[in-house]
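Data block below; observations after.
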Amino acid sequence: MWWTALLLFQLGDIPEKNPFTSEADLTHGKKLYNGRCAGCHGPTGEGGKGANLAVPQLPRAAEDRSLYRVIRAGIPDTEMPGSLMDTKEIWQLAAYVRSLGRVQQTAVAGDAAKGAGVFRGKGCIGCHTIGVDGGRSGPSLTAVGSRRNGAYLKEKVENPAGSIPEKFRVVEISTKDGKKVNGQLLNEDTFSIQIRDGADRFHSVWREDILAVSMEHRTPMPAYKGKLSASELDDVVAYMLTLRGDQ
Ligand code: HEC
Ligand code: HEC
């Protein structure tokens with residue numbers, strides 16, 4: 001197919017190693033990053049609305065070429081946008097993004113083994129799966145340690161409302177026949193709304209059956225500030241950092 005040839009040609013066109021990694025490139029890359037990326041990825045790449053970039057290995061951009069492509073084309077069906085910068089600027093950004101990954105992770109004081117106990121004892125497991133174990137009203141945390149750094153995790157547990165994903169919605173529906181369903185928005189279209197309730201049950205409701213619906217950008221995750229001791233907090237963060245998707 002002509003387009004396969006084109007794709008191969010374009011791939012061949014991207015050098016395997018970043019050709020722009022001098023001090024001057026990094027400085028310019030940092031400037032571009034602060035202007036265009038920091039709003040979502042955080043000023044030091046710690047993540048927020050965007051993924052954590054301050055990790056040694058980026059799952060979607062392990063090689064220089066894949067990093068280049070992610071920055072140029074974005075990631076379809078996510079909030080990660082493509083960009084119209086020229087080739088050199090994309091490489092300079094890539095160089096800076098790599099430097100964020102080399103920054104030492106915030107040292108964590110906690111004890112991961114104790115943290116596993118906190119995770120169960122304080123009810124986190126009721127809403128989050130690790131591997132196959134756990135509740136499903138919150139996202140799986142099986143690989144959270146490869147996506148997020150310690151500072152982000154600590155902040156998330158203390159004050160979850162401070163970093164709710166852009167698309168996350170809590171939905172409450174009252175139907176014309178007097179039923180109520182509430183849960184997390186999975187999908188909606190012109191005719192129906194799909195949600196998952198706190199007991200991990202899936203509901204699809206026809207719009208014509210709906211009396212009232214409210215959608216709120218808030219999180220059902222409780223804030224644990226003051227509910228965990230400082231050492232429990234450190235422990236549970238240390239535990240989450242060990243969760244890298246391989247168990
Ligand atoms: C509107 C928010 C937003 C902006 C602006 C944004 N990103 Fe992203 N980015 C995201 C999100 C969300 C993801 C995670 C997508 C996913 O995998 O679900 C992401 C993913 C990435 C990844 C892949 C990370 C991984 O885990 O492999 C890289 C690299 C990246 N962004 C770099 C950048 C750079 C460089 C810029 C600036 C040019 C930028 N992003 C601007 C939201 C954003
Ligand atoms: C009542 C359910 C519930 C409980 C209990 C709960 N969470 Fe959550 N959690 C959620 C939901 C829903 C989200 C997704 C929305 C958001 O980010 O706020 C979430 C998000 C998270 C995230 C962000 C994941 C990511 O990829 O960024 C982390 C980390 C987290 N929870 C850890 C914990 C820990 C640790 C505990 C226990 C101390 C806990 N949660 C207790 C429901 C819960």
*Of the numbered conditions (1) surrounded by 14 or more Cβ atoms within 10 Å (Cβ to Cβ); (2) within 10 Å of ligand 2 (Cβ to nearest atom), GLY126 satisfies every one except a single condition; which is it?*
(1)
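Would you call GLU79 more than 23 Å from ASP234 (Cα to Cα) and either not in a loop (DSSP other than H, G, I, E, B) or not β-branched (Val, Ile, Thr) (or both)?
Numbers: more than 23 Å from ASP234 (Cα to Cα): yes; either not in a loop (DSSP other than H, G, I, E, B) or not β-branched (Val, Ile, Thr) (or both): yes.
Yes: the conditions hold for GLU79.
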*Please report, ordered by residue number, the helices (runs of 4 or more DSSP H) entirely within the stretch 87-160 with at least 1 residues that are farther than 22 Å from VAL55 by Cβ.*
87-102, 112-121
_Given (1) surrounded by fewer than 18 Cβ atoms within 10 Å (Cβ to Cβ); (2) closer than 22 Å to GLY35 by Cα; (3) within 11 Å of ligand 1 (Cβ to nearest atom), identify the lone condition not met by ALA54._
(1)
*Select, from GLN194, GLN184, the only residue that is modelled with pLDDT of 95 or more, in contact with a Ser or Thr (Cβ under 8 Å, 6 or more places away or on another chain) and under 22 Å from HIS128 (Cβ atoms).*
GLN194
*Return yes when ALA94 is touching a residue at least 12 places away in the same chain (Cβ under 8 Å), more than 19 Å from ILE14 (Cβ to Cβ) and surrounded by 13 or more Cβ atoms within 10 Å (Cβ to Cβ) and no when it is not.*
no
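Within the stretch 120-142, is even one residue polar (S, T, N, Q) and modelled with pLDDT of 95 or more?
First, pick out the residues of the stretch 120-142 that are polar (S, T, N, Q): 129, 137, 140, 142.
Still in the running and modelled with pLDDT of 95 or more: none.
Scanning the stretch 120-142, I find no residue that is polar (S, T, N, Q) and modelled with pLDDT of 95 or more, so the answer is no.
Suppose we keep only residues that are acidic (Asp, Glu) and without any contact (Cβ under 8 Å) to a residue 12 or more places away in the chain within the stretch 182-207. Which one would you say is surrounded by the most Cβ atoms within 10 Å (Cβ to Cβ)? Walk me through how you get there before you give the answer.
Quick first cut of the stretch 182-207, residues acidic (Asp, Glu) only: 188-189, 197, 200.
Narrowing the set further to residues that are without any contact (Cβ under 8 Å) to a residue 12 or more places away in the chain leaves 188-189.
Details: GLU188: 16, ASP189: 8.
So, considering only residues that are acidic (Asp, Glu) and without any contact (Cβ under 8 Å) to a residue 12 or more places away in the chain, the one surrounded by the most Cβ atoms within 10 Å (Cβ to Cβ) is GLU188.
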*Checklist (1) in contact with a Gly (Cβ under 8 Å, 6 or more places away or on another chain); (2) touching a residue at least 24 places away in the same chain (Cβ under 8 Å); (3) more than 21 Å from ARG147 (Cβ to Cβ) applied to GLN57, failing item*: (3)
_Please go through (1) near ligand 1 (Cβ under 8 Å from one of its atoms); (2) in contact with a Phe, Trp or Tyr (Cβ under 8 Å, 6 or more places away or on another chain) for GLY48 and return the number of the only condition it doesn't satisfy._
(1)
*Go through GLU46, GLU89, GLU63 for me and flag whichever is in contact with a helix residue (DSSP H, G or I) (Cβ under 8 Å, 6 or more places away or on another chain), acidic (Asp, Glu) and under 30 Å from TYR239 (Cα atoms).*
GLU46
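Please enumerate the residues belonging to the stretch 161-175 that are assigned to a helix (DSSP H, G or I) and either surrounded by 15 or more Cβ atoms within 10 Å (Cβ to Cβ) or near ligand 2 (Cβ under 7 Å from one of its atoms) (or both).
Quick first cut of the stretch 161-175, residues assigned to a helix (DSSP H, G or I) only: 161-163.
Correct list: SER163 only.
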_Looking for something more than 10 Å from ligand 2 (Cβ to nearest atom), closer than 24 Å to LEU100 by Cα and among the small types (Gly, Ala, Ser) - is there at least one such residue anywhere in the stretch 234-244?_
yes
*Any hit, the stretch 95-105, residues being more than 10 Å from ligand 2 (Cβ to nearest atom), hydroxyl-bearing (Ser, Thr, Tyr) and more than 19 Å from PRO43 (Cα to Cα)*: no
*the stretch 26-43, residues that are in contact with a helix residue (DSSP H, G or I) (Cβ under 6 Å, 6 or more places away or on another chain) and either within 14 Å of ligand 2 (Cβ to nearest atom) or among the hydrophobic types (A, V, I, L, M, F, W, C) (or both)*: LEU26, LEU32
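The values are calculated or read from the model by the stated rules, or taken from the named source; none is laboratory data. Keep in mind that what you see is a predicted model, and the values were worked out from it rather than measured. All Cβ positions, glycine included, derive from the backbone under ideal geometry; neighbour counts span all protein chains shown.
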